[in-house]
Amino acid sequence: PKPYYGYSERTNFENFHLRMKAQLNPGGGGRITFRSKDNQIATGLGVALEHMNAGELTVSAFNAKSAKKVIASKQAKIGPDHWFDLEIIANGQACEVKLDGVSVCVHTYAKEEPAKDRANVGLAVQVADALSVFSLSKIEIKELPAEPSEKKQGN
């Protein structure tokens, strides 16, 4: 079965702090992709969440151009069907993921990865397959100012 997607209407997110309540069923998976060009899932960066083992949620940062290659991955003690706070902070080359306020995955993307791609950068949510239930609520996004080094480059 094909995965299911939801896209943000707005497509100019650069640096941001995304917060939401999330829940995954046992064996379920989901992804949040950002900085994707023209809302093409295959061009962005992202965070994958999977409940492969009971009581453990795997959180992975990835580059969608090479989605099979997981860049950074950690496991958190969060059981399936449990609501948790999910935060993604994308600021310049850096990406941090927090679960219930605890930093679980921090990655600095290399310059060749599309972290600096600013053309039509949107957010997308993907449910892994027809058997996955990826529930989200209380979604908030706050734009972050450009990093000082980015401001200097623009002048």
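The values are calculated or read from the model by the stated rules, or taken from the named source; none is laboratory data. Because the structure is predicted, anything quoted here is derived from the model rather than measured. Counting neighbours? That spans all protein chains shown, and the Cβs are built from the backbone with ideal geometry, glycine included. The protein model used for the area step is the full one, side chains on, heavy atoms only, and it has no ligands, DNA or RNA in it. Shrake-Rupley method; radii C 1.70, N 1.55, O 1.52, S 1.80 Å.
Does the stretch 144-154 include one or more residues that are modelled with pLDDT of 85 or more, open to solvent by less than 50 Å² (accessible area, probe 1.4 Å), among the hydrophobic types (A, V, I, L, M, F, W, C) and part of a strand (DSSP E or B)? Checked the stretch 144-154: no residue is modelled with pLDDT of 85 or more, open to solvent by less than 50 Å² (accessible area, probe 1.4 Å), among the hydrophobic types (A, V, I, L, M, F, W, C) and part of a strand (DSSP E or B).
Can you pull out every residue in the stretch 1-30 that is hydrophobic (A, V, I, L, M, F, W, C) and assigned to a strand (DSSP E or B)? Scanning the stretch 1-30 gives Phe16, Leu18, Met20, Ala22, Leu24.
From the set of residues in the stretch 69-115 that are β-branched (Val, Ile, Thr) and open to solvent by 50 Å² or more (accessible area, probe 1.4 Å), which is modelled with the highest pLDDT?
The first filter runs over the stretch 69-115 and keeps only residues β-branched (Val, Ile, Thr), leaving 70-71, 78, 88-89, 97, 102, 104, 106, 108.
Filter once more, so that each one left must be open to solvent by 50 Å² or more (accessible area, probe 1.4 Å): 70, 102, 106, 108.
Numbers: Val70: 66, Val102: 88, Val106: 84, Thr108: 79.
Per the criteria, the residue is Val102.
Does Gly29 qualify as being at pLDDT 90 or above and buried (at least 19 other Cβ atoms within 10 Å of the Cβ)? Please lay out each step first, then the result.
Values: at pLDDT 90 or above: yes; buried (at least 19 other Cβ atoms within 10 Å of the Cβ): yes.
Considered against the rule, which asks whether it is at pLDDT 90 or above and buried (at least 19 other Cβ atoms within 10 Å of the Cβ), Gly29 comes out as yes.
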